[in-house]
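Here is the structure we will look at.
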Amino acid sequence: MIRQIVSISLFVLPGVWASHLQAQTTDDIAGRVIGTSAAGQIDMPLLKSELMVDIRGDLATVQVRQVFANPSDTPMSAEYLFPLNKNAAIYAMQMQVGDEVVEARIQHKAEAEETFKDAEQSGKAAALLTQHRPNMFTQNIANLMPGQPITVTLSYVQAVPKIDNAYELVLPLVVGPRYEGSTPGSASAEEFYGSDDLVIDTNVPNGGWQVAKVPEYPPVVGLTIPDEIDMERVSLDLTLEAAIPVSSLTSPTHDLKTEQTESSVQASFLAGRVVDNRDVILRYELGGDDVTAGVLSHHDDRGGFVSLMIEPPNAPDPDQITARELVFVLDTSGSMGGAPLDASKRFMQAALRSLRPEDYFRVVRFSSDATEFSTDAVPATVGNKKAGLRFVRNLRASGGTEIDNAIRTAFATRQPDNTLRVVVFLSDGYIGDEATVLRTIRRQIGDARIYAFGVGTAVNRYLLDAMADEGRGYARYVDPTDRADDVAETLARDLKSPVLTDISIDWGELDVTDVVPHRIPDLFDGGSVRVLARYNDGGPANVQINGLVQGRKAAMPLSLTLPTESDPENDEPNGASIPLTWARSRIADLDRAIAVQAGDEATLKKQIADLGLRFSLQTQYTSFVAVSKAIVNESGTPIKKTAVPLPQVAGVSAAAYPKTGFSGSSTPEPQTLFGILTLLALATLRLTGPRRKHA
């Protein structure tokens, strides 16, 4: 972590980087970033990333290769804050230093941290992967030597969800800022300086869960670094294959270079490499894909695993759809300023115009507080819709992101009779306290549905997807830098009712355990849901999927044969991914249970850790750590700990970023000003006072 507050100026020097996995030298280093502070010149670690994606049907295997380099003439340690897909099952990590390749080991988090610390002190190269949220990680590199880059390769698998009749794979590239909320009192120096330990908040009642804060945000281009950073940081090498023809592969976020055959597609970025200031979104369609349920299975020494992918029946006619109460909850915090709020307003214009005469609606805006267009739901008459649009047009962005207040406000009023309540959230999701949000939703939700619309180019998808899951709804995402009018119209049309609700599975005589997800979401037209389970015995089985279509019972029987023993030759395509996908989904359910206080915390954490160790998966309580055999740092020089700088998220204003550490913002959100002054005072005392000795 960065341990000092400094006034910093930086510049970037151009160069060339070799992207292949070989030992690299200082001749390959590009984009040197140099800062100046009261302590003198600061060199910052450099980064190149490569995304290697192999998609088979609706399952993806991804390798993320990160190359770190030290442009200075002294040893340093690097810390890189980065995102991965929230559904990623990270099953392997590899580190290369010079000609030495090291396979990382999965260990309990505390044990892995101790292994890393010992390696750092002994002068060995080491890499430690830490998970802070399901979609937020840090990679720590020890003894990064001048002229000797370190390459770390992460491997993960994930199912690719079907959304609006196309499969959509999201490859996050940058972590957006996180608003942690305003808490009375001042932070301790240890909290400010980025301790990973859990600091008990005395304002939380006895018995309430505590959640560790997100890590300190790294330096950001455009805020602490002048206008340029190395624009060639990330490359893409993608292969898409399917048993049926691939009818299209597109990206709404990046220009692609593609080569297509009847059954496969190769793709890369048209520009070769891009800057990591927005998520990569890939969408593809498979021709002739008209099945309503697909089955995959796998058996190995851990037992049997089965996966059901379910698609909905045909959507009902519009005159059969239940009247709705639409509760629109709009984020107007400082981070939504500019393009994000403009996109939200365009969406609201289209959404209100599309309401049916039998619908009702409310509009709630929130930042540091929450206010409403009307205290009760109003009918969707022409006059009421015009008044609602006037309210939306006058909204301005400022303040914090106190979403918990907004959730309580959204559910505080009486629902009109004979309606389906649908709460529509529009936010960038730059919120750190996800557990409190999910806990409030579970307590308030009742029979309502939640549709979460993310507005931004690097949205907190873990939070918004989890909100939608809790509300048995769905999440969609708006790029405010794109054609906002077209996107707004599309999303407004997407305010549809679920086709299949109250889904359950009758497994018949099949002996299954640990079905995930624990709460099966509703199915919408053009979507799908994957249900996974463990099974004993196997063999022929009859399974029935049950649900409701507009209150009427619906069922779909399936006949399947599950393997009873390991047989690699007869394994289903992608079968080896099924155990990892199941384990990752099971971990997600357990994480959610901790967040909403649905069980004993110690027991749930142990179950997560056991799954991580047994399936060799990265979790919040297990970490991959790799240590070189060779001692690379024999100088005895104290190691400088510095963060890898990040680009400013596309379409996000400086007001969204915290004014702490290197990542300054000229216009912090108002309620943080007092805390900033307090932290600066603490930092001044720390810098001018005697230094503590560390073990």
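The values are calculated or read from the model by the stated rules, or taken from the named source; none is laboratory data. All of these numbers come straight from a predicted model, not from anything done at the bench. Note: ideal-geometry Cβ built from the backbone for every residue, glycine included; neighbour counts use all protein chains shown. Just so you know, the surface numbers come from the protein's heavy atoms only, side chains and all, with ligands and any DNA or RNA stripped out. Shrake-Rupley method; radii C 1.70, N 1.55, O 1.52, S 1.80 Å.
Could you go through the stretch 121-140 and let me know if any residue there is assigned to a helix (DSSP H, G or I), open to solvent by 50 Å² or more (accessible area, probe 1.4 Å) and not aromatic (Phe, Trp, Tyr).
First, pick out the residues of the stretch 121-140 that are assigned to a helix (DSSP H, G or I): 121.
Next, only the ones that are open to solvent by 50 Å² or more (accessible area, probe 1.4 Å) stay: 121.
Keeping just the survivors that are not aromatic (Phe, Trp, Tyr) gives 121.
Taking every residue of the stretch 121-140 in turn, at least one turns out to be assigned to a helix (DSSP H, G or I), open to solvent by 50 Å² or more (accessible area, probe 1.4 Å) and not aromatic (Phe, Trp, Tyr).
Sort out which residues of the stretch 489-531 are within 25 Å of Val455 (Cβ to Cβ) and part of a loop (DSSP other than H, G, I, E, B), and write them in order of number.
Once the filter is applied, which keeps residues that are within 25 Å of Val455 (Cβ to Cβ) and part of a loop (DSSP other than H, G, I, E, B), the stretch 489-531 yields Asp494, Leu495, Lys496, Ser497, Pro498, Pro521, Asp522, Phe524, Asp525, Gly526, Gly527, Ser528.
Being of a type outside the set (A, V, I, L, M, F, W, C) and at pLDDT 90 or above is the filter; apply it to the stretch 41-55 and report the residue that is surrounded by the fewest Cβ atoms within 10 Å (Cβ to Cβ). Steps first, answer last, please.
To start, the set of residues in the stretch 41-55 that are of a type outside the set (A, V, I, L, M, F, W, C) comprises 41, 43, 45, 48-50, 54.
Then keep just the ones that are at pLDDT 90 or above; that gives 48-50, 54.
Details: Lys48: 25, Ser49: 19, Glu50: 19, Asp54: 15.
Restricting to residues being of a type outside the set (A, V, I, L, M, F, W, C) and at pLDDT 90 or above, the top hit is Asp54.
Considering the stretch 242-265 alone, what residues qualify as being modelled with pLDDT under 85, in a loop (DSSP other than H, G, I, E, B) and open to solvent by 30 Å² or more (accessible area, probe 1.4 Å)?
The answer is Ala243, Ile244, Pro245, Thr261, Glu262, Ser263.
Would it be correct to say that Leu500 is touching a residue at least 60 places away in the same chain (Cβ under 8 Å), surrounded by 15 or more Cβ atoms within 10 Å (Cβ to Cβ) and either in contact with a strand residue (DSSP E or B) (Cβ under 8 Å, 6 or more places away or on another chain) or over 29 Å from Glu285 (Cβ atoms) (or both)? Give the steps one after another, and end with the answer.
On the way: touching a residue at least 60 places away in the same chain (Cβ under 8 Å): yes; surrounded by 15 or more Cβ atoms within 10 Å (Cβ to Cβ): yes; either in contact with a strand residue (DSSP E or B) (Cβ under 8 Å, 6 or more places away or on another chain) or over 29 Å from Glu285 (Cβ atoms) (or both): yes.
Taking the combined requirement at face value, the residue satisfies it.
In the stretch 56-109, how many are assigned to a strand (DSSP E or B), surrounded by 19 or more Cβ atoms within 10 Å (Cβ to Cβ) and of a type in the set (D, E, K, R)?
2
Would the stretch 395-403 turn up any residue that is without any contact (Cβ under 8 Å) to a residue 60 or more places away in the chain, buried (at least 21 other Cβ atoms within 10 Å of the Cβ) and of a type in the set (A, V, I, L, M, F, W, C)?
Taking the stretch 395-403 first, the residues without any contact (Cβ under 8 Å) to a residue 60 or more places away in the chain are none.
No; the residues of the stretch 395-403 include none that is without any contact (Cβ under 8 Å) to a residue 60 or more places away in the chain, buried (at least 21 other Cβ atoms within 10 Å of the Cβ) and of a type in the set (A, V, I, L, M, F, W, C).
Tally the residues that are outside any loop (DSSP other than H, G, I, E, B) and surrounded by fewer than 20 Cβ atoms within 10 Å (Cβ to Cβ), restricting the search to the stretch 612-644.
Pass one, the stretch 612-644, residues outside any loop (DSSP other than H, G, I, E, B): 612-614, 622-631, 640-643.
Now restrict to residues that are surrounded by fewer than 20 Cβ atoms within 10 Å (Cβ to Cβ): 613-614, 629-631, 640-641.
Within the stretch 612-644, residues that are outside any loop (DSSP other than H, G, I, E, B) and surrounded by fewer than 20 Cβ atoms within 10 Å (Cβ to Cβ) number 7.
Which of (1) modelled with pLDDT under 95; (2) closer than 28 Å to Arg65 by Cα; (3) hydrophobic (A, V, I, L, M, F, W, C) does Val152 not meet, given it meets every other one?
For Val152, the exception is condition (1).
Name, by its number, the condition in (1) in a strand (DSSP E or B); (2) open to solvent by less than 10 Å² (accessible area, probe 1.4 Å); (3) closer than 24 Å to Pro252 by Cβ that does not hold for Glu168.
(2)
Restricting attention to the stretch 332-387, and to residues there that are open to solvent by less than 20 Å² (accessible area, probe 1.4 Å), in a strand (DSSP E or B) and touching a helix residue (DSSP H, G or I) at 6+ places or on another chain (Cβ under 6 Å), which single residue is farthest from Val422 (Cα to Cα)?
Of all residues in the stretch 332-387, those open to solvent by less than 20 Å² (accessible area, probe 1.4 Å) come to 332-337, 340-341, 343-344, 347-348, 350-352, 355, 359, 361-364, 366-367, 380.
Cutting the leftovers down to in a strand (DSSP E or B) gives us 361-364, 366.
From what's left, touching a helix residue (DSSP H, G or I) at 6+ places or on another chain (Cβ under 6 Å): 363-364, 366.
On the way: Val363: 12, Val364: 13, Phe366: 18 Å.
Going through the qualifying residues, I end up with Phe366.
Could you identify the single residue in Ser585, Ser559 that is polar (S, T, N, Q), more than 21 Å from Ile163 (Cα to Cα) and not in a loop (DSSP other than H, G, I, E, B)? Give the derivation first.
Values: Ser585 fails: more than 21 Å from Ile163 (Cα to Cα).
Matching residue, one of Ser585, Ser559: Ser559.
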